[in-house]
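Q: Let me give you the structure first, and then I'll get to my questions.
No value in this document is a laboratory result; all are computed from the given coordinates. If you're wondering where the values come from, they're calculated on a predicted model, not measured in any experiment. As a convention, Cβ positions derive from the backbone with ideal geometry for all residues, glycine included, and neighbour counts pool all protein chains shown.
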Amino acid sequence: MTVDPERVRKTYEQLKADAEAGGYHLNPDEAWTLGLIEGLLTNEDRYGYWACPCRLASGNKDEDLDIICPCDYRDPDLYDWGACYCALYVSDEVLEGKRPLQSVPERRPAQRGKRAPAPEPAGGIRLWRCRVCGYLCAREHPPGVCPVCKAKRERFEPFVLPPSAMPGP
Amino acid sequence: MDKATRQRPLMYGLSTCGWCRKARTWLEERFGEGGFDLIYVDLLPGDEKARVMEELRKHTPNPAFPMVFADGECIIGYREDEYRRVFGA
């Protein structure tokens, strides 16, 4: 791996600021975190996107969409294990030393089908859901970047709020 | 020769992965730099990568890295407790 250390450092500063603004935390072990960011940038140069440094990317962006950092599995892993799969992100408990950092089992399914087609609104409200953090927004098109977790537009999926979930008159 | 060194350990990893870096360091401290084999799967050419992944799927349906093989055991993920059990501290 040969990534310019200055590029790694700049990416780290930006990522850290974005994480904190969204209520997330980078791993406070700076050497660890810089190593992972170097891996992410290596994957950016290799594949054109930020494939998780701890998973084997296929090189096909559509197939790898779920493991583009921040991956679809980060938030459940933070909740269950206190860290995401590669431990780039850690929970408050781990950050505060109340919970040890341990390696995280892989929850990405071995068999991955195609994404389900967009659900029909059928009287409900059509929303966009960020697959990374669950942010919902009621617009015609998803935002370019998720305001919470900074995931890009392609990570949003259609989501229908059924009429029963809507507030009454 | 003690039980732990009967078979030369083999690690499959990813060159970009932090847990693989930790596993490599653990094995280097235990066996020395040349004391085990290391294959970075992400650096293999396409057809070789596919062949290796097919091989790894014989051991687990969902291969994850690092994967360390020794003495008929396969340890998936960075597991210091398992390394100590299989290799001795």
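Q: With the condition kept exactly as written, say whether any residue in the stretch A:8-26 is within 15 Å of the chain's Cα centre (by Cα), in contact (Cβ under 8 Å) with a residue 12 or more places away in the chain and within 13 Å of chain B (Cβ to nearest Cβ).
A: yes
Q: Residue B:68 is checked against (1) touching a residue at least 24 places away in the same chain (Cβ under 8 Å); (2) hydrophobic (A, V, I, L, M, F, W, C); (3) in a helix (DSSP H, G or I); (4) within 13 Å of chain A (Cβ to nearest Cβ) and fails just one. What number does that condition carry?
A: The single condition residue B:68 does not satisfy is (3).
Q: Just give me the residues in the stretch B:28-53 being touching a strand residue (DSSP E or B) at 6+ places or on another chain (Cβ under 6 Å) and either touching a residue at least 40 places away in the same chain (Cβ under 8 Å) or among the aliphatic types (A, V, I, L, M) (or both), in sequence order.
A: B:38, B:39, B:41
Q: Would you kindly identify the helices (runs of 4 or more DSSP H) lying entirely within the stretch A:53-169 that contain at least 3 residues that are of a type outside the set (D, E, K, R) and closer than 29 Å to residue A:20 by Cα?
A: A:74-81
Q: Does residue A:66 count as closer than 23 Å to residue B:78 by Cα, within 14 Å of chain B (Cβ to nearest Cβ), of a type in the set (Asp, Glu) and surrounded by fewer than 19 Cβ atoms within 10 Å (Cβ to Cβ)?
A: Yes.
Q: Here is a further query. Would you be able to say whether some residue in the stretch A:103-118 is within 19 Å of residue A:146 (Cα to Cα) and either within 14 Å of chain B (Cβ to nearest Cβ) or not hydroxyl-bearing (Ser, Thr, Tyr) (or both)?
A: Looking through the stretch A:103-118, none of the residues is within 19 Å of residue A:146 (Cα to Cα) and either within 14 Å of chain B (Cβ to nearest Cβ) or not hydroxyl-bearing (Ser, Thr, Tyr) (or both).
Q: Working only within the stretch B:32-65, note down all residues that are of a type outside the set (A, V, I, L, M, F, W, C), more than 12 Å from the chain's Cα centre (by Cα) and assigned to a loop (DSSP other than H, G, I, E, B).
A: B:32, B:33, B:34, B:35, B:45, B:57, B:58, B:59, B:60, B:61, B:62
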